Amino acid sequence: MEDLREKRIWLTGGTGFLGRAVVAELQRQQFKNILVTAHEEVDVSDVEQIRRFLADEHPQAVVHLAAVVGGIGANRERPAEFFYENMMMGTQLLHESYKSGVEKFVTIGTVCAYPKFVPIPFKEENLWDGYPEETNAPYGLAKKMLLVQGQAYRQQYGFNSIYLLPVNLYGPGDNFDPASSHVIPALIKKCLEAVESGSETVEVWGDGSPTREFLYVEDAARGIVAALRYYNGAEPVNLGSGMEISTRALIELIAEHTGFTGKLIWDTTKPNGQPRRCLDISRAEREFGFRATTDFREGLKHTIDWYKTRV
Ligand SMILES: NC(=O)c1ccc[n+]([C@@H]2O[C@H](COP(=O)([O-])OP(=O)(O)OC[C@H]3O[C@@H](n4cnc5c(N)ncnc54)[C@H](OP(=O)(O)O)[C@@H]3O)[C@@H](O)[C@H]2O)c1
């Protein structure tokens, strides 16, 4: 198989949480020509800016990580933006990449594309068996259309477009802004602030029953780079760790690691989100040898330690 390490690789969203980890992994694996553009340099929702960059820099592979992302709150407040921005970015970028002769295109999809109710563990072949959980459907479906687009371009034009479905990510460098953060950074911040202020309570959304799977960001980056180098199939591939934990057990673990010993107040007027999440991770291992290796407790500890150095 051709060695992509000599090729010009363009990462959209390469300055984001996952993007930075992917850049570090590409460097570790000695990729020679990594092109990273920040949002201000190339706005991927602007087709003219995409065209200009492709014409000037001639990337041979594109890893599309740029996205408007956030937790349940942000998805509920800005569903139109989550749909439109993610759809337009991906659709235009994939089309222009094909037209400009890009040899390989990697779309980073999301677990939010899965139907709300689907047997555990989520298998790629169940992806179309129902509508996603309502709070994240506009985001999940916008990204899911890029799977359809990539498969159509492969069929009609022979364009080598692959599609990955990472589960919820966590790790050092995550977004801790309460307006847009995901569950792990949101809970870490709340617990640490409660410890700091001496507060006896921490409020948590939902009833604690939903389950989630988490993938450490460095593992996700390894999976993406492995797929970039070794996977050339039409079928989507889950990227996960295979673990499953309830929100209640998660917050108890975070409380333990942050030293919060007070009371948890469950706000059941707030949505739970998807009832269960746990991916079947066998296809990634079979197709490109990826298996997550970071222990969840260890990963959580690194994340909390990293955040403590920032505040
Ligand atoms: N985090 C997770 O749990 C998770 C799980 C599954 C899949 N994913 C996927 O992984 C990818 C990376 O997510 P992340 O968590 O690393 O999010 P992130 O930190 O917010 O990174 C996204 C990046 O995209 C950039 N971006 C947004 N709109 C853009 C535009 N119009 N033009 C150019 N760049 C733009 C953002 O720049 P600004 O911040 O400057 O706007 C940011 O650097 C996304 O595709 C996401 O859907 C993430």
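Data for the structure
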| quantity | calculated |
| --- | --- |
| Odd one out for GLU77 among (1) under 19 Å from ASN136 (Cβ atoms); (2) surrounded by 15 or more Cβ atoms within 10 Å (Cβ to Cβ) | (2) |
| Set TYR231, TYR163: member being away from the ligand (no atom under 15 Å from the Cβ) and within 30 Å of TYR98 (Cα to Cα) | TYR231 |
| Of all residues making up segment 51-70, the number that are within 11 Å of the ligand (Cβ to nearest atom) and out of contact with any strand residue (DSSP E or B) (no Cβ under 9 Å at 6 or more places or on another chain) | 3 |
| Answer residue from segment 94-110, given it is among the aliphatic types (A, V, I, L, M) and in contact with a Leu (Cβ under 6 Å, 6 or more places away or on another chain) and is farthest from PHE82 (Cα to Cα) among those | VAL106 |
| Filter result for the condition that a residue is in contact with a Phe, Trp or Tyr (Cβ under 6 Å, 6 or more places away or on another chain) and in a helix (DSSP H, G or I), over ALA152, ALA186, ALA142 | ALA142 |
| Residue pairs meeting the criteria (Cβ under 6 Å; at least 6 apart or on separate chains; first over 21 Å from LYS7 (Cβ atoms), in segment 26-55; second in a loop (DSSP other than H, G, I, E, B)) | ALA38/THR15; GLN49/VAL42; GLN49/ASP43 |
| Some residue of segment 257-279 being surrounded by fewer than 22 Cβ atoms within 10 Å (Cβ to Cβ), part of a loop (DSSP other than H, G, I, E, B) and without any contact (Cβ under 8 Å) to a residue 60 or more places away in the chain | yes |
| Among residues of segment 1-25, those that are free of Cβ contacts under 8 Å to residues at least 24 places away in the same chain and within 16 Å of the ligand (Cβ to nearest atom), counted | 1 |
| Residue within segment 136-147 that is more than 30 Å from GLU96 (Cα to Cα) and within 16 Å of the ligand (Cβ to nearest atom) present | no |
| Looking only at segment 166-176, and only at residues there that are within 10 Å of the ligand (Cβ to nearest atom) and in a loop (DSSP other than H, G, I, E, B), the one that is nearest to GLY223 (Cα to Cα) | VAL167 |
| All positions within segment 124-138 that are without any contact (Cβ under 8 Å) to a residue 40 or more places away in the chain, assigned to a helix (DSSP H, G or I) and charged (D, E, K, R) | GLU125, GLU134 |
| Every pair of residues 6+ apart whose Cβ atoms lie under 6 Å, when the first sits in segment 61-84 and is at pLDDT below 95 while the second is among the β-branched types (Val, Ile, Thr) | ILE72/THR135; ASN75/THR135; ARG76/THR135 |
| Neighbours by Cβ (under 9 Å, 6+ apart or cross-chain): first from segment 162-190, farther than 14 Å from ASP305 by Cβ; second among the acidic types (Asp, Glu) and near the ligand (Cβ under 8 Å from one of its atoms) | SER181/ASP174; HIS182/ASP174 |
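The values are calculated or read from the model by the stated rules, or taken from the named source; none is laboratory data. Computed from a predicted model, the values in this text were never measured in an experiment. All Cβ positions, even for glycine, are placed from backbone atoms using ideal geometry, and neighbour counts span all protein chains on display.
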